Structure formats: C-alpha cells, structure tokens
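The values are calculated or read from the model by the stated rules, or taken from the named source; none is laboratory data. Remember, it's a predicted structure, so these values are computed and weren't measured experimentally. We place every Cβ from the backbone using ideal geometry, glycine too, and count neighbours over all the protein chains shown. Only protein heavy atoms, including side chains, enter the accessible area calculation; ligands, DNA and RNA are left aside. Shrake-Rupley method; radii C 1.70, N 1.55, O 1.52, S 1.80 Å.
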Amino acid sequence: MTDTTPNSVLNSGASTAKNSMTTGQAPLVGGPTGMELLDFHREPEDAVFGDARVGYVLVALWHRGRLLMVRVRGRDCWELPGGKIEPGEMPRQAAARELREESGQEVAPERLRFAGFARTVVGPERRMMYGALFTAETDVPAPFTPCEEIAAVHWREGSEPLEGGAVRTADEYLAALCRP
C-alpha cells in the first residue's frame, strides 16, 4: 500500500524531478543529494519486496516537537540519522545502532516504532532500495560529540533553515509522515 503525505509537505518547497531513470515513475520528492523518494509503503515490518532489498534505516527522533537532524561530513546536507543495515542485523537493531553512533542518542530497539518503508533510488547508477523508517520520542536528549562521520546535530523546529547545508528533502517528507 502506498501512502501519501499531507499537502503541507508537498507545498513546502520540496523539489521534484520529472522522472526516475530506473523506474519511469515520477518521484514524490528529489533533493540536494540526488536521492529520489519514489513512494512510501506502510507494510508489516518483516515485509520482503521483490524489486529491491531493504538496505538502510532512518530514525525520526523527536524531543518536544523538535526533530533530530544530523550533518554528515563531506555531504553538506542535514538528514535523519540512519545508515546501512549490516549483514545479519535486523532493521530495528540497525536503527538503534545508527542513532547511537551518529548522534549519541540511546533508544532501545523495542522503543522504536516502525513507520514503514521508503522506496528510493540513489547514486549515479540510480540503484533502487528500500529504507525502513522508525520513529521515537525522547524526554532527555543526550549530549553530542562530533565524530568522524557526523559534524553536527540539531533539534529542528518545523521547517527552520539550518546553517551548513541543505536539508535532505526526502527526509523532511518522511519525518512529516511520523510527526507525533
């Protein structure tokens, strides 16, 4: 089942490309890093897709209505914490690990709420992949220490502009789907 996003997200200035070279399908949103979000599926967490694998996770972590964003070194882009699912790792465990590694925020895997799957195309080769989206809220954010991968974090309120790079449009779109 494909879900749609509220008009407020669609009308927020999100850029869209004319079509995806891989699928011929117009993406929901494109963005500054070349990732295109093709659609969003609210399927069971253990769903398997025939057209591509579930290869990455994203976490929309909220604190008092603010969304945690991370700035990855070398990309000059703000995005949701997340990353690659390691061999033998379940998406839920990968989400908790990536959140901790990238931002210092500790959320037990069982506290993460599964929101659905983003179907995306990435990179110059236009590789299709699914990403598992999780969400949670925290009462007390942990302090952040910059690391080799992540230069900064920010608890973003609404659509406030962030210094140091553009906000990944697909991540904004996905976060709006699971706003508390």
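The set of residues in segment 101-144 that are closer than 19 Å to residue 66 by Cα and hydroxyl-bearing (Ser, Thr, Tyr) comprises 103, 135, 138.
For segment 80-94, a residue qualifies if it is more than 23 Å from residue 157 (Cβ to Cβ) and not acidic (Asp, Glu), and the qualifying residues are 83, 84, 85, 87, 88, 90, 91, 92, 93, 94. Mind listing just one residue for me: the one in segment 1-60 that is surrounded by 14 or more Cβ atoms within 10 Å (Cβ to Cβ) and over 18 Å from the mean Cα position of the chain (by Cα) and, of those, modelled with the lowest pLDDT? In this case the residue turns out to be 17. Restricting attention to segment 156-180, which residues are in contact (Cβ under 8 Å) with a residue 24 or more places away in the chain and out of contact with any Asp or Glu (no Cβ under 8 Å at 6 or more places or on another chain)? 156, 157, 162, 169, 172, 173, 174, 175, 176, 178, 179, listed by residue number. Screening segment 80-132 for residues that are outside any loop (DSSP other than H, G, I, E, B) and of a type in the set (Val, Ile, Thr) and picking the one that is surrounded by the fewest Cβ atoms within 10 Å (Cβ to Cβ) gives 122.
Listed by first and then second residue, the pairs linking a residue in segment 31-56 that is closer than 11 Å to residue 133 by Cα to a residue that is surrounded by 21 or more Cβ atoms within 10 Å (Cβ to Cβ) and among the β-branched types (Val, Ile, Thr), with Cβ atoms under 9 Å apart and 6 or more places separating them unless they lie on different chains, are 54/85; 56/85; 56/120.
Tell me, yes or no, whether segment 155-177 has at least one residue that is under 25 Å from residue 86 (Cα atoms), of a type in the set (Gly, Ala, Ser) and within 13 Å of the chain's Cα centre (by Cα). Yes, because at least one residue in segment 155-177 is under 25 Å from residue 86 (Cα atoms), of a type in the set (Gly, Ala, Ser) and within 13 Å of the chain's Cα centre (by Cα). Scanning segment 149-161 for residues that are under 13 Å from residue 75 (Cα atoms) and of a type in the set (Asp, Glu) yields a single hit, 149. Among the residues making up segment 125-146, those that are in contact with a strand residue (DSSP E or B) (Cβ under 9 Å, 6 or more places away or on another chain) and over 22 Å from residue 84 (Cβ atoms) are 137, 138, 139, 140, 141.
When the residues of segment 147-177 are filtered to those that are in contact with a strand residue (DSSP E or B) (Cβ under 6 Å, 6 or more places away or on another chain), charged (D, E, K, R) and more than 15 Å from residue 103 (Cβ to Cβ), the one that is least open to solvent (accessible area, probe 1.4 Å) is 168. Consider segment 61-79 and keep the residues that are among the basic types (Lys, Arg) and closer than 17 Å to residue 151 by Cα. The one that is surrounded by the fewest Cβ atoms within 10 Å (Cβ to Cβ) is 73. Looking only at segment 162-178, which residues are under 18 Å from residue 72 (Cβ atoms) and in a loop (DSSP other than H, G, I, E, B)? Within segment 162-178, 162, 163, 164, 165, 168 meet the criteria. Picking from residues in segment 57-68 that are in a strand (DSSP E or B) and out of contact with any helix residue (DSSP H, G or I) (no Cβ under 8 Å at 6 or more places or on another chain), the one that is farthest from residue 32 (Cα to Cα) is 63.
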